[in-house]
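Student: The structure is given below, and queries will be raised subsequently.
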Amino acid sequence: MAAGGSYSIVEYFGGDDGYRCGYCKHENGNFSHGMWSHTMTVQDYQDLIDRGWRRSGKYVYKPVMNKTCCPQYTIRCHALNFHPSKTHKKTLKKVNRFLSKGEMPVEQHDEGHHEGEHHLLDIRLTMHSLMLVLSIGDLINSQISSIIVFFLILGKGVDPNRPLCRKAKDLRKERRLQKEQQKHQEAVSSTVNPAPSKSSSNQPKSLEEFITESLPNDPLHRLEVRLVRSNPPSPQFKASFDASYQVYKLYQMAIHKDPPDRPTESQFKRFLCDSPLEAETAPDGPDVGYGSFHQQYWLDGRIVAVGVLDILPSCVSSVYLYYHPEFSSLSLGTYSALREIAFTRQLQQQSPKLSYYYLGFYVHSCPKMHYKGQYRPSDLLCPETYTWLTIERCIPRLDISAYSRLNENARAGDARALKELGRVLVLHRRTVMPYAAYARKRKGSNDEKEVEQYASLVGQTCAERILLYRA
């Protein structure tokens, strides 16, 4: 897939020092291993994120799961089987109402990001309290007619013509019998007059249908989503760079309360434009190719939001999302995640194995991050065996302990565990060589422990492909 002779080149840093946690605000409770990636193939990065690594600009890091205060589990959504939840549908309808009629919601839903993480729900609500609000709403809807009747009786007094009140238990029994009779009649009727085969019209609506639902041919506002390659920067990316940066600056100041001099152009470039990933194409890959991109949301000819994405052999990986604060009540974090899932499905039609949407890290100990678990079906990565398990199986374990092995099979191990340190590839004085040859050449070298730690974290397969720079 990569161009001939193309290698990933990294410099490894240990993970001994703790630093401030963006989730629980512990001053030095967050621990991670890190490496600076000078260049990286998309397959190597795919394999690394499937071992719990993640990039921020050209820096690639992996939380020390059993030591860090808030363990961060890699999460992926099965894009092909995804069905939007009630909350997701509500967001899509809200955006479509704005596009077609210009209705801007009054309530504020400032979807911020948590220390570089993608798609945080409303910063004023934890997921727990949001689910409580939704369940109360469902309860009220289901019982609304009973409540109205109750208040009418209170207002008018007892109606002498009204039949005597009956016990709720009896009413429920009667309703159940009526339903059973109705089902029986329908079954008899369908045997006499068989229904035509199920047409597409009575299938559940797809995500794509919800995205375009109720949009007229001539909406009040026009939204266009453009994909531009950020590395190497395409002409379209360069032409829109300043407009994109200005939105980022406003976002950081309004949502993260950054002082005006902090979101500089160079910081924006390092954090969201620079990428170690090489642009690659493959015969069985998507038309746009693999690598790093910005997905720009243009509203009536101006950029209002940008999703930073990596397109990899098996997935679309979400890096970050920022938007113009003027549109914070439209829940653009949720909206862009749904658009990115739809985009993953579109790419899968061109490249069959590209079928997952990675949302970064799921942090069970931080309620604000629980929303990522609502994009289902989804899996979490076991931090010891690097196998995927459904989130439903993982949550009971995470409720007990913030750190968990996740994989219940005690005999399961890491299939790509380090077996031969000597085969690890290093780059020394512009020469590629296995670590065994390097160690013989550098007899006084005392870096074996460091190289072993690095190779254990990236796994034997990556260690034999990625070049570890040695000064």
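The values are calculated or read from the model by the stated rules, or taken from the named source; none is laboratory data. Note that the structure is a prediction, hence the values are computed from the model and not measured. For neighbour counting, all protein chains shown are included, and Cβ atoms are generated from backbone atoms with ideal geometry for every residue, glycine included.
Student: For residues that are polar (S, T, N, Q) and part of a loop (DSSP other than H, G, I, E, B), scanning just the stretch 373-414, find the one that is nearest to D50 (Cα to Cα).
Tutor: If we filter the stretch 373-414 for residues that are polar (S, T, N, Q), which is where we start, we get 374, 378, 385, 387, 390, 401, 404, 407, 409.
Checking the rest, the ones that are also part of a loop (DSSP other than H, G, I, E, B) come to 385, 387, 401, 404, 407, 409.
On the way: T385: 11, T387: 8, S401: 22, S404: 17, N407: 15, N409: 19 Å.
Only one residue fits best here, namely T387.
Student: Applying the selection to the stretch 231-273, what residues are crowded, with 16+ Cβ neighbours inside 10 Å and part of a loop (DSSP other than H, G, I, E, B)?
Tutor: Selection gives S234, P263.
Student: Next question. Which of the residues belonging to the stretch 1-32 are in contact with a Gly (Cβ under 9 Å, 6 or more places away or on another chain), farther than 19 Å from Y362 by Cβ and part of a strand (DSSP E or B)?
Tutor: Restricting attention to the stretch 1-32, the residues satisfying the condition of being in contact with a Gly (Cβ under 9 Å, 6 or more places away or on another chain) are 1, 12-15, 18-22, 26-32.
Okay, now just the ones that are also farther than 19 Å from Y362 by Cβ, so 1, 12-15, 18-20, 27-28.
Those that are in contact with a Gly (Cβ under 9 Å, 6 or more places away or on another chain), farther than 19 Å from Y362 by Cβ and part of a strand (DSSP E or B): Y12, F13, Y19.
Student: Hey, another quick one. Among the residues of the stretch 249-298 satisfying the criterion of being under 30 Å from S351 (Cβ atoms) and of a type in the set (S, T, Y), which is farthest from the chain's Cα centre (by Cα)?
Tutor: The selected residue is T281.
Student: What are the residues in the stretch 207-230 that are of a type in the set (G, A, S) and surrounded by fewer than 16 Cβ atoms within 10 Å (Cβ to Cβ), if any? Walk me through it before giving the result.
Tutor: Of all residues in the stretch 207-230, those of a type in the set (G, A, S) come to 214, 230.
Within the stretch 207-230, just S214 meets the criteria.
Student: Please pick out the residue among D274, D261 that is of a type outside the set (G, A, S), at pLDDT 95 or above, out of contact with any Ser or Thr (no Cβ under 6 Å at 6 or more places or on another chain) and within 30 Å of P325 (Cα to Cα). Quick ask: steps written out before the conclusion?
Tutor: Details: D261 fails: at pLDDT 95 or above.
The match here is D274.
Student: If R416 meets every condition in (1) farther than 18 Å from T385 by Cα; (2) surrounded by 15 or more Cβ atoms within 10 Å (Cβ to Cβ); (3) of a type in the set (K, R) apart from one, which number is that one?
Tutor: The failed condition is (1).
Student: Another question about this same structure. Could you check the stretch 55-72 and list, in sequence order, the residues that are of a type in the set (G, A, S) and either more than 19 Å from the chain's Cα centre (by Cα) or assigned to a loop (DSSP other than H, G, I, E, B) (or both)? Show your work before the answer.
Tutor: So in the stretch 55-72, the residues of a type in the set (G, A, S) come out as 56-57.
G57 - this is the single residue of the stretch 55-72 that is of a type in the set (G, A, S) and either more than 19 Å from the chain's Cα centre (by Cα) or assigned to a loop (DSSP other than H, G, I, E, B) (or both).
Let's see how each residue does on (1) surrounded by 14 or more Cβ atoms within 10 Å (Cβ to Cβ); (2) assigned by TED's automatic domain parsing to the domain that holds S32:
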{"position": "L406", "(1), (2)": "yes, no"}
{"position": "R411", "(1), (2)": "no, no"}
{"position": "L421", "(1), (2)": "yes, yes"}
{"position": "V424", "(1), (2)": "yes, yes"}
{"position": "H428", "(1), (2)": "yes, yes"}
{"position": "P434", "(1), (2)": "yes, yes"}
{"position": "Y454", "(1), (2)": "yes, yes"}
{"position": "L457", "(1), (2)": "yes, yes"}
{"position": "C462", "(1), (2)": "yes, yes"}
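Student: For the stretch 443-452, enumerate the residues that are assigned to a loop (DSSP other than H, G, I, E, B) and surrounded by 13 or more Cβ atoms within 10 Å (Cβ to Cβ). If you could, list the steps in order and put the result at the bottom.
Tutor: The first filter runs over the stretch 443-452 and keeps only residues assigned to a loop (DSSP other than H, G, I, E, B), leaving 443-447.
Correct list: S445, D447.
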